[in-house]
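Heads up, the thing below is written out as structure tokens.
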């Protein structure tokens, strides 16, 4: 069975949202110091690398990470390839016959140089969201840092998805994944009161 790791590696110097917490891993203790073990220490944002957004991230009344239904983040998924877009609209999605797809992952190939944070990204047009709800999508994943434009303050796509009961997975790595049907596993950590969480996201081919 083919397994595709679609998680961005966590490494010092990796790009993070401008102004957000830089990722760091250090050894707090070494075997020489402790006499028995190496023990690491992590410093990172809840939106580092491949991550999920809890609704609380952009809505004060939204659910927090520990309140999310884990079943949303595991199960059948469809990968589609939409390169060369500036926006992803309803018209882009209609030809794919997505009815019944609960977890939709969109490969844009827009973020090629992952050692730097992108200046612009393709983003989801809010007009696509009612269609996603109608066909049964519960989780939308993208291979860029956000489903909205980098400079957006309104976060129209985030809010539209939330209003239609669709959860968000961002920063997945799909450049090595063909279009098709898979099983997704992308579980958030149980961060009490969290606004988001890094995930280890994998796809298993059916």
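Details
- For the stretch 157-206, the set of residues classified as over 15 Å from residue 142 (Cα atoms), crowded, with 17+ Cβ neighbours inside 10 Å and either out of contact with any strand residue (DSSP E or B) (no Cβ under 7 Å at 6 or more places or on another chain) or at pLDDT below 95 (or both) consists of 159, 160, 162, 194, 195, listed by residue number.
- Residue match in the stretch 109-125 (condition: more than 25 Å from residue 18 (Cβ to Cβ) and either surrounded by 15 or more Cβ atoms within 10 Å (Cβ to Cβ) or in contact (Cβ under 8 Å) with a residue 40 or more places away in the chain (or both)): no
- Qualifying strands (runs of 3 or more DSSP E) (wholly inside the stretch 1-80; at least 2 residues being over 20 Å from residue 201 (Cα atoms) and at pLDDT 95 or above): 24-29, 39-43
- Any chance residue 132 is at pLDDT 95 or above, touching a strand residue (DSSP E or B) at 6+ places or on another chain (Cβ under 8 Å) and in a helix (DSSP H, G or I): yes
- Residues in the stretch 81-121 that are in contact with a strand residue (DSSP E or B) (Cβ under 7 Å, 6 or more places away or on another chain), more than 16 Å from residue 179 (Cβ to Cβ) and assigned to a loop (DSSP other than H, G, I, E, B): 1 in all.
- Filter result for residue 140 (closer than 21 Å to residue 8 by Cα, assigned to a strand (DSSP E or B), within 17 Å of the chain's Cα centre (by Cα) and free of Cβ contacts under 8 Å to residues at least 60 places away in the same chain): yes
The values are calculated or read from the model by the stated rules, or taken from the named source; none is laboratory data. In this text the structure is predicted, and so the values were computed from the model without any measurement. All Cβ positions, even for glycine, are placed from backbone atoms using ideal geometry, and neighbour counts span all protein chains on display.
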